[in-house]
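Worksheet for the structure shown next.
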Amino acid sequence: ILNSDKTVLIPDKNALCPMAAMLPAELVQLYREKYPSSKVVLYINTLAEAKAYCDAVCTSANSAEIMNRMDAKTILFGPDWNLAQYAKDYTDKTLVSIPKFGFCPVHMLFNKEAILSLKKIHPDAEVLAHPECPPEICEVADFVGSTSKIYRQALVSKSRKFIVATEVGLIHRLKKGRNDVVFIPAYEEAVCAHMKLHTLEKVYLSLKHMRYEVTVPPKIMTLARNAVDVMLNTRETLS
Ligand code: SF4
């Protein structure tokens, strides 16, 4: 969408995001008809076809900022219900979740009691959570933020121990950034099976055989790019 002149390959065609699949473009259109004076803001983890029917794309780091920039009182937001709950605290817009309850299956695996038990064992640990986690998980976290914000927090925090409530793969990156502290997964099985389909071997084969090329129909590409540009332009204005 952003680099139409480049070749984009996906190492495993079966790697889909189940959360993105919860919001087909047809559903976005249906909600638009139901709420004609609203604006549609979609999380970046959505299908290209769904992006084509939204007014702006956002990330977990800037969802509220993008909503606040929209010229409408009601925002149709999707697909992540949990991210909408988190963003509500930072906007006075009326949020309507589309679909009614979209979610990331990986972030739904965390359990509040289990995190509180870990906190008892490691009272000096700081709990870092992604806003795709349910509200009760965010409530017991010391810090809630996007992947990039969690990373930055781990770099600047004085804590020596962190309990991490997001896809466990992030811990690898966190350890590379700080090898002098301890990172404890809030749940060791919080693994995205879809992301893990992209193995090193498949990346190698993908490059070797130039497979499998990702293509986006030109009309979808143009519309989706416009929605992403709204976010990028907002970011420039904010910074
Ligand atoms: S962790 Fe997996 S299921 Fe969850 S948002 Fe990311 S790609 Fe989608």
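Throughout, read-outs are computed from the coordinates displayed, never taken from laboratory work. Small disclaimer: the values here were computed from a predicted structure and weren't measured. Glycine gets a Cβ as well: all are built from the backbone with ideal geometry, and neighbour counts include every protein chain shown.
Miscellaneous remarks
- Backbone HN-Hα couplings from phi across region 45-55 [Karplus 6.51/-1.76/1.60, Hz, Gly and Pro as x]: 7, 9, 5, 4, 5, 5, 4, 4, 9, 10, 8
- Local electrostatic count at T94 - Lys and Arg +1, Asp and Glu -1, tallied over other residues with Cβ under 13 Å: +3
- Look at the dipole of region 107-191 built from charges on Cβ: of F143, S157, F110, the Cα furthest out on the positive end belongs to S157.
- Fewest-first sequence of K39, K176 by Cβ atoms within 10 Å of each Cβ: K176, K39
- Leading residue at positive end of dipole, the chain (Cβ point charges), from L232, N3, L207: L207
- Peptide packing: for 18-27, 55-64, the average count of neighbouring Cβ atoms within 10 Å per residue gives the ranking 55-64, 18-27, highest mean first.
- Normalised convex hull volume, region 107-191, alpha-carbon set, Å³ per residue: 77
- Protection-proxy order for peptides 111-117, 197-203, 4-10, each taking the mean of Cβ atoms within 10 Å per residue, highest first: 111-117, 197-203, 4-10
- Span per principal axis, largest first, for the Cα atoms of the chain (Å): 53, 50, 32
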